[in-house]
Amino acid sequence: MRKVEFLGHIVENGTIKPSIAKTLAVRKFPEPTTVKQVQSFLGLTGYFRKNIKDYSKIAKPLSDLTRKENQLVFGTEQKEAFEKLKKLMSEGPVLRIYKYGRRTELHTDASKQGYGAILLEEAEDDKSHPIYYMSKETCPAEENYDIYELEVLAIIIALKKFRVYLLGQHFKIVTDCAAFQKTMHKKDLITRIARWALQLEEFDYEIEHRAGNRMQHVDAQSRHPVMIINNDTLTAKLKKAQDENENIKIAFGEK
């Protein structure tokens, strides 16, 4: 078994988690007294947001402090969010490393507040494990969309985010949007949905509808989004390293 430290992460035995140095940095982070310090803390923890379920929901009281119209009032709600993120990071949240060719599912959800998605993959134990958590706020124009449009857009955004994982293989999209397939097959689609339908064509997928009460694991991602910390660079570099570096291949559990 080989352990590799890579871009602030520990890669070992087919899993990935924050490095000890990063978890210590979060653990020792002092309680913020300025907006800039709040932003620094969110930047540090947000880099690992893909490892933390419901990161958006947990971090929202802190994220709200960074908005220009809000004053810096570090009350009970903010302290609880701060301490919970420190605790979760200290526990070294672990995700599975994606392995091409295994059964893969993309779970998505949307609300007027934002979009959420979880990429899952079946492991050796025949159970689906999270690979990546994602959330994104809606822009003002999108807040006026019908809910079925938001659900479709959530899928499009997630496919763009996880394109490096999903392109070229069959996978399942799980959504609580019952009208998705019917909408996509209409002949008189409005322009933006027709554009989204074209983007879907490059992927090999099937759709499964699940009622909203069975999608609570992804629901919080869409209803409590916070600012996006872009770690697409990490995804791309991990994929490149996985292809080229023998030590990382071993740590990924490929040899």
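General remarks:
- Sole residue being free of Cβ contacts under 8 Å to residues at least 60 places away in the same chain, surrounded by fewer than 20 Cβ atoms within 10 Å (Cβ to Cβ) and either in the same structural domain as residue 49 (by the TED database) or not in a strand (DSSP E or B) (or both), chosen from 112, 99: 112
- Test for residue 106: is it under 28 Å from residue 156 (Cα atoms) and in a helix (DSSP H, G or I): no
- Filter pass, residue 161 being closer than 29 Å to residue 26 by Cβ, modelled with pLDDT of 85 or more and not assigned by the TED database to the domain that holds residue 208: no
- Residue list for the range 23-42, restricted to those being more than 13 Å from residue 83 (Cα to Cα) and free of Cβ contacts under 8 Å to residues at least 12 places away in the same chain: 24, 36, 37, 40
- Test: residue in the range 43-61 that is part of a helix (DSSP H, G or I) and more than 21 Å from the chain's Cα centre (by Cα): no
- Residue match in the range 221-244 (condition: modelled with pLDDT of 85 or more, farther than 23 Å from residue 112 by Cβ and not in a loop (DSSP other than H, G, I, E, B)): no
- Residue in the range 129-144 that is crowded, with 22+ Cβ neighbours inside 10 Å, closer than 19 Å to residue 205 by Cα, in contact with a His (Cβ under 8 Å, 6 or more places away or on another chain) and not assigned by the TED database to the domain that holds residue 10 present: no
- The residues listed here are 48, 29, 41, 74; of these, the one that is aromatic (Phe, Trp, Tyr) and more than 25 Å from residue 134 (Cβ to Cβ) is 74.
- Extreme residue, modelled with the highest pLDDT, among residues of the range 145-156 that are of a type in the set (Val, Ile, Thr) and surrounded by fewer than 21 Cβ atoms within 10 Å (Cβ to Cβ): 156
The values are calculated or read from the model by the stated rules, or taken from the named source; none is laboratory data. Computed from a predicted structure; not experimentally measured. Neighbour counts are summed over all protein chains in view; Cβ atoms, including those assigned to glycine, are modelled from backbone coordinates with ideal geometry.
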